[in-house]
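K.L.:
Let me give you the structure first, and then I'll get to my questions.
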Amino acid sequence: MQSNPNGDASAAAPLPAPAPAPAPFLAGRTALVTGAAGGIGRACALALAGAGAHVHVVDLAEEGARRTAEETGGSLTVADLSDPAAVDALPAEVDIVVNNAGLQHVAPLHEFPPERFALIQRVMVEAPFRILRRTLPHMYAHGWGRVVNISSVHGLRASAFKAAYVTAKHALEGLSKVTALEGAPHGVTSNCVNPAFVDTPLLRNQIAAQAAAHGMPEADVVRRVMLERPAIKRLIAPEEVAQTVLWLCGPHTGYLTGASLPLDGGWTSH
Ligand SMILES: NC(=O)c1ccc[n+]([C@@H]2O[C@H](COP(=O)([O-])OP(=O)(O)OC[C@H]3O[C@@H](n4cnc5c(N)ncnc54)[C@H](O)[C@@H]3O)[C@@H](O)[C@H]2O)c1
């Protein structure tokens, strides 16, 4: 057992010194982060802004998006990413794209509402495609760009009752790899980040839905369903995902492209 400097093993260990502010290695860069009103998107927007980027905050949820734009000193665009015209009106002159917006629907395949399936593909596959086809020319013209797609462990593995989400995340993996191949000669990298369960509003909403699907009390869902497959038995903090995204946009990862980084506590090691 570790002891603190007083030799008292039961007392709390001293807190680590606060991390120094990151060098502003993204000064002069512009980032677009979708779904940045809360959760992972907000954490990504804060991390990128902390490294000096100007952030375009994009979300359907106006109040949260406005808050993130204020927190980051960024720009606000309220847009419904299921509307192709709204997606095609988003800022195109950006150096970094974080395709993050997403939604979940939990139902058995034979009961899955087709319009819900189509909505999830529009927001989580077609919108990233439309955003990339409009923003890549700016990145190519400047010889530098970073695309980070917030996929999921469900881009690599399936789970029952999540037909639309698993389909969309697997499609996003393909889009990311094609972007990596086409972007390479232009200094543009494209990668996926693949978290297991992150403690966000999306997850909290899922807990109730999963409870219904699995027929178990909500209190058991996190422990028995969500933490069953990760070897590390805790949820992920949005900031942990955001730091991986920031690293992918940093100075040491220019050769890393077409990859999918599992932040899954060992889930895909099974
Ligand atoms: N929370 C998790 O456990 C988890 C795990 C793996 C991957 N992810 C992925 O991370 C991403 C962010 O999820 P989160 O957990 O932060 O969820 P969240 O619900 O907190 O955030 C998602 C954001 O997307 C926005 N959004 C949804 N539909 C939109 C639309 N039509 N137009 C514009 N904005 C829209 C929402 O308003 C919300 O702000 C998603 O792609 C999700 O699939 C989440």
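Read-outs throughout are calculated quantities, based only on the coordinates presented, and are distinct from any laboratory measurement. Note that the coordinates shown come from a computational prediction; the quantities given were computed from them, not determined experimentally. Neighbour counts are summed over all protein chains in view; Cβ atoms, including those assigned to glycine, are modelled from backbone coordinates with ideal geometry.
K.L.:
Output ³J(HN,Hα) for region 52-58: one whole-Hz value per residue in order, computed from phi by the Karplus curve 6.51 cos²θ - 1.76 cosθ + 1.60 with θ = phi - 60°, and x for Gly and Pro.
P.N.:
Listing the rounded values in order: x, 6, 7, 10, 8, 8, 10 Hz.
K.L.:
Quick check: net charge around residue 119, other residues with Cβ under 14 Å of its Cβ, Lys/Arg +1 and Asp/Glu -1?
P.N.:
Net charge around residue 119: -2.
K.L.:
Per residue of region 168-181, what does 6.51 cos²θ - 1.76 cosθ + 1.60 with θ = phi - 60° give for ³J(HN,Hα)? Whole Hz please, x for Gly and Pro, Karplus curve as stated.
P.N.:
Here the 3J(HN,Hα) series is 5, 5, 5, 5, 4, 4, x, 4, 5, 5, 5, 4, 4, 5 Hz.
K.L.:
Run the quick spin-label model on residue 247 and residue 138: label points 7 Å from Cα toward the beta carbon, then report their separation in nm to one decimal.
P.N.:
Those two pseudo-labels are separated by 2.7 nm.
K.L.:
Pick from 254, 28, 38: which is most flexible by mean-square fluctuation in a GNM of the chain where alpha carbon atoms under 10 Å apart are linked?
P.N.:
The residue with the greatest mean-square fluctuation here is 28.
K.L.:
Using a basic spin-label model with each label point 7 Å from the Cα along Cα→Cβ, how many nm lie between residue 256 and residue 205?
P.N.:
3.0 nm
K.L.:
Under the √(5λ) rule applied to the eigenvalues of the Cα gyration tensor, what semi-axes describe the equivalent ellipsoid of region 141-270? Give them in Å, descending.
P.N.:
31, 15, 12
K.L.:
Starting from 0 in steps of 5 Å, tell me what percent of the Cα-Cα pairs of the chain lands in each bin.
P.N.:
Pairs per bin, as whole percents: 1, 6, 12, 16, 19, 16, 12, 8, 5, 3, 1, 1, 0.
K.L.:
Beta carbons within 10 angstrom, averaged per residue: use that to sort the peptides 89-101, 58-70, highest first.
P.N.:
By packing density, highest mean first, the sequence is 89-101, 58-70.
K.L.:
Pairs of alpha-carbon atoms within less than 8 angstrom and 6+ residues apart define the contacts here; what relative contact order does region 122-173 have, in percent?
P.N.:
Rounded, it is 42 percent for region 122-173.
K.L.:
Turning to a different aspect of this structure: Note down the relative contact order for the chain as a percent, whole number, built from C-alpha pairs under 8 angstrom at least six residues apart.
P.N.:
Reported as a whole number, the value is 18 percent.
K.L.:
Given the peptides 129-142, 166-179, arrange them by the average over their residues of other C-beta atoms within 10 Å, most packed first.
P.N.:
166-179, 129-142
K.L.:
Right, another one. Full-extension gain between residue 159 and residue 228, please, as 0.36 nm times their residue separation minus the C-alpha to C-alpha distance.
P.N.:
Once the chain is fully extended between residue 159 and residue 228, it gains 23.6 nm.
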